[in-house]
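Below is one structure; the comments refer to it alone.
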Amino acid sequence: MVNIVPNNIQLEDDRTGMTVSILKRAFLDNLFYVQAKFPKIATKNDYYMALAYTVRDRLVNRWLNTERTYIEKAPRTVVYLSAEFLLGPHLGNNLISLGLYNVAKQAIEELGLNLADLLEQEEEPGLGNGGLGRLAACYIDSLATLEIPAIGYGIRYEYGIFDQQIKDGWQVEITDKWLQYGNPWEVARPEASLEVKFGGHTETYTDEFDRYRVRWVPYKVVKGVPYDTPILGFQANTANTLRLWKAEAPESFDFEAFNKGDYFGAVHEKSDSENITKVLYPNDESYQGKQLRLEQQYFFVSCSLQDAIRLMKLQNLAPERFHEQYAIQLNDTHPTIAVAALMRLLLDEYGFDWDRAWNITTNTFAYTNHTLLPEALERWPLEMFGNLLPRHLEIIYEINRRFLDRVRIKFPDEIDRLRRMSIIDESGERYIRMAHLACIGSHAINGVAELHSELLKKTILHDFYEMYPEKFTNVTNGVTPRRFIVLSNPRLANLITDRIGDGWIKNLDELRKLENFIEDSGFRQEFAGVKRAVKRDLAEQIRDNYGIDIDPDSLFDIQAKRIHEYKRQHLNALHIITLYNRLKADPNLDITPRTFLFGGKAAPGYYMAKLIIKLINSIADVVNHDPDIRGRLKVVFLKDYNVKFAQRIYPAADLSEQISTAGKEASGTGNMKFSMNGALTIGTLDGANIEIREEVGAENFFLFGLTAEQVLALKASGYNPRDYYESNPELKLAIDRLDSGFFSRGDGDLFRPLLDALMYQDDYLVLADYASYVECQDRVGQAYRDSDRWTRMSILNVDRMGKFSSDRSIREYLQKIWKVPPVEIQVPEYTQSNG
Ligand code: Z2T
């Protein structure tokens, strides 16, 4: 119970004071005056909110200093355009950035509360699906830490990624009401709202200089309201802004008059506008050509570009300098309509001629591709596109006409090449190919890991590579060590800092100093002790939430990521069945005890992924309850995997499963987070796994499976999965047991679609890689028995993760693409007269 009223407050209104006593006073003040609660009736959420406001008060001065500096100095600015920002909870991260974590912990404890409980209370903004959205969040963290002027623009989804429940082993989706108790980290700026047009038609007219001009007469207008969230740099004065747009009905659209007293109709139309930012589309790597999704994309892009131009006006800069002022990164094709939208603004609103507008546009944009999977490539039905954005369609036709002229010049008499490269797919129903628009409208195109960038040039973007080789580059992904080590694994962070100081947090390459301690058995023991303690914590949480006892000394073998056939959670499942079968055949077999943990959401419409979740839960039911197993194998599907939970998972892992079919995982970023926390990887030569292995050394990485090249060759030579089934008795037994209903209470049909896909198609070569995977897992099991050797390998994984800091990625983007220098923000001093 809160009962201490701190004394010795020096400044009645101090909002920058960060001592324990000032924080206590501020916390109680916020509880009373903002939450309007006294301790007796305050809920845990009230306490969370009181602390959140206490922290927010202490970052506003940096935030406003940053904003003022950017307005005054008008520095060149990175704009990160992304339909997703998978931020995760803010409170802990902000405490760390401000250097307030320990002081706040003490203050909260002195008030009789517990910081961990309050951190747990925060509903995370799950405004993304997975890796792509989380990458955007890591990148804005690093941009602020590196003191780069930057703005993140995105969508303020009212409902983020769904909450996952498991019923009878199946995934059930629940709406994510993340805003229901209020969001203390955002500031609405209704005064900065903008209007976005949709539909209607275009007209031509001649302007006062007798020039031919086009005007767009829309069918409807939607208002975009910005909500700003501060993004603090770590131990920096920079606090950049993440500006997320909410759609509302505009006042200027007089619904009352328009609907002639039809009150119900007017309200109905209002809710129509608000639908645009209602909900995040929960598909990670497959697109559905839904009009509402295109509306979301155009809505936030239009708001963001208008906003960027408005800021230039405030800075007294003319729009012809747009490309000098902004480097805009397109996070996949989702915001790619920006190419046509900027052209429209420059041509129709500012009266530039085509060549000038095009020069500005292509010098502004750069495009990051995040997948090679063909089902993820966005294509909009031409008719839908034209109905929604008639002027943009005209502009895209003109971009395409001029582009194809150039292709004809570079590659004369190649009709097929023109057909392949056109922005318009005319092979059947006509579509707009957004990746083509992105490549043509950008000066740089990058993949997210070395292999991925090479494959882009060789496969889906090959024609564009031949056309514009100079545009292509690679920037390997990275993750922020602030959230994924310091915040999520404080025991490890403290141990590291104890030995090498805290420079590594901003300069992750300094982790290499740990190598000096590898022969120090005291250090190795402490390191192993950290892992054991974290595993115990997780085991306790799993016992509390699932009633399942797991052995903290067993090998924690974890696969946590979106559920997808290409990520092959079912290959992992086949291995579990294999170990189970071995123990059933010989109950006294001496195997390494393992706990298999899974986490991840399936796209609601992706039946096979949902069946994989059911499969894992069904195996768990049998394995966890079979007395012959004697607890040596445990399987748990952890529901509702999200950023908050991920932060608990990575530190507790011994083994990180990165087992995608080679050539399919563009990069992966979970692989980096696990490794940073001392997990060893079992993985294929795919995405960033290759670079992780290069860094940690082949001897500290469990490699298996076909290479990307071998995958292609095998498919080309006529892959027959049944051959693998017939010739491998363990594989055959595993599949037969599934087929017999052994894991589904006798229902031999339950997993039929999955088994058929494996036996007759197996697009992702699960059966082809099975033997290699199981053999590799056997080596993992053996290695774990030599715990000192394992600890050495684990230490070397942490030690050699420097490359995978998102700070390194951002430095590469800055050098290769953005060319934006840092701007130091002056030390904040709280003043009343800060106008
Ligand atoms: C996504 O998370 C990724 C790619 C997508 O392609 C879409 C989504 Cl939602 C359209 C992932 C990749 O699968 C992963 O390999 C990569 O590490 C991540 O993006 C960030 O680049």
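Every number here is computed from the coordinates shown, using simple stated rules; none is lab data. Please read these numbers as outputs of a predicted model, since none were measured by experiment. Backbone-built Cβ (ideal geometry, glycine too); neighbour counts: all protein chains shown.
A Cα-only calculation for the chain places Rg and Dmax at 27.7, 92 Å. Summarising the label geometry, the points placed 7 Å from Cα in the beta-carbon direction at Glu699 and Glu349 lie 6.1 nm from one another. Residues His570, His452, His268, ranked from the fewest to the most other C-beta atoms within 10 Å, line up as His268, His570, His452. Placing unit charges on the Cβ atoms only, positive for Lys and Arg and negative for Asp and Glu, gives the chain a dipole magnitude near 580 debye about its Cα centre. Of all lysines in the structure, the ones whose alpha carbon falls short of 16 Å from that of Lys732, not counting any fewer than 8 places away in one chain, are Lys584. DSSP bridge analysis restricted to the chain gives an antiparallel fraction near 45%, rounded to the nearest 5. The Cα center of the range 9-76 and the Cα center of the range 581-620 differ in position by 46 Å. Between the amide H of Ile231 and those of Asn240, Thr241, Leu242, distances stay under 5 Å, these residues lying 5 or more places away or on another chain, with hydrogens modeled in the peptide plane.
Show that you can apply the helix-only estimate: for the chain, add -39,500 (n - 2.57) for every DSSP H stretch of four or more residues, divide by all residues, and state [θ] at 222 nm to the nearest 500. Theoretical 222 nm ellipticity from helices: -14000 deg cm²/dmol. Scalar couplings 3J(HN,Hα) for the range 539-549, obtained by applying the Karplus form with A = 6.51, B = -1.76, C = 1.60 to θ = phi - 60°, are 4, 5, 5, 5, 5, 5, 8, 10, x, 10, 8 Hz; x denotes Gly and Pro. Would you mind counting up the charge near Leu143? Only other residues with Cβ under 11 Å from its Cβ, with Lys and Arg at +1 and Asp and Glu at -1. Neighbourhood net charge equals -2. Between amide H atoms placed 1.01 Å from N, distances below 5 Å from Tyr326 occur with Thr77, all of them 5 or more places distant or on a separate chain. Remark: spin-label model distance Ala36-Lys584 equals 6.2 nm, labels positioned 7 Å along the Cα→Cβ axis. Here's how it looks for Leu555: its modeled amide H is under 5 Å from those of Arg594, Thr595, which are all 5 or more places away or on a different chain. Shown here for the range 740-806: trypsin sites (Lys or Arg not before Pro) in loop regions (DSSP other than H, G, I, E, B) with at most 11 other Cβ atoms within 10 Å, namely Arg745.
Apply 1/(1 + (r/R0)^6) to the Cβ-Cβ distance of Thr459 and Val214, taking R0 = 30 Å, and write down the FRET efficiency to the nearest 0.05.
Details: r = 38 Å, r/R0 = 1.25.
Calculated value: 0.20.
Rounded to the nearest whole Hz, the Karplus-based 3J(HN,Hα) values (6.51 cos²θ - 1.76 cosθ + 1.60, θ = phi - 60°) of the range 460-467 follow the sequence 4, 10, 4, 4, 6, 5, 5, 6, with x at glycine and proline.
Pairs spanning more than 19 Å between alpha-carbon atoms, out of Lys644/Lys673; Lys177/Lys535; Lys24/Lys44: Lys177/Lys535. With a simple spin-label model that places each label point 7 Å from the Cα along the Cα-to-Cβ direction, the separation between Met759 and Glu195 comes to 6.3 nm. Taking other C-beta atoms within 10 angstrom as a stand-in for reagent exposure, Asp769, Asp117, Asp168 fall in the order Asp168, Asp117, Asp769, fewest first. Kindly state, to the nearest 0.05, the FRET efficiency for Gln288 paired with Ile415, given R0 = 51 Å and r defined as their beta-carbon distance. Given R0 = 51 Å and the Cβ-Cβ separation, E is 0.95. Full extension of the chain between Ser271 and Asp549 yields a length gain of 95.3 nm, computed as 0.36 nm times the residue separation minus the alpha carbon distance. Annotation for the range 124-232: chymotrypsin sites (Phe, Trp or Tyr not before Pro) lying in DSSP loop with at most 12 further Cβ atoms inside 10 Å of their Cβ are Phe209, Tyr219. What the phi angles of the range 170-183 give under the Karplus curve with 6.51, -1.76 and 1.60, with θ = phi - 60°, is a coupling list of 9, 6, 10, 9, 10, 5, 8, 8, 5, 8, 5, 9, x, 10 Hz, glycine and proline written as x.
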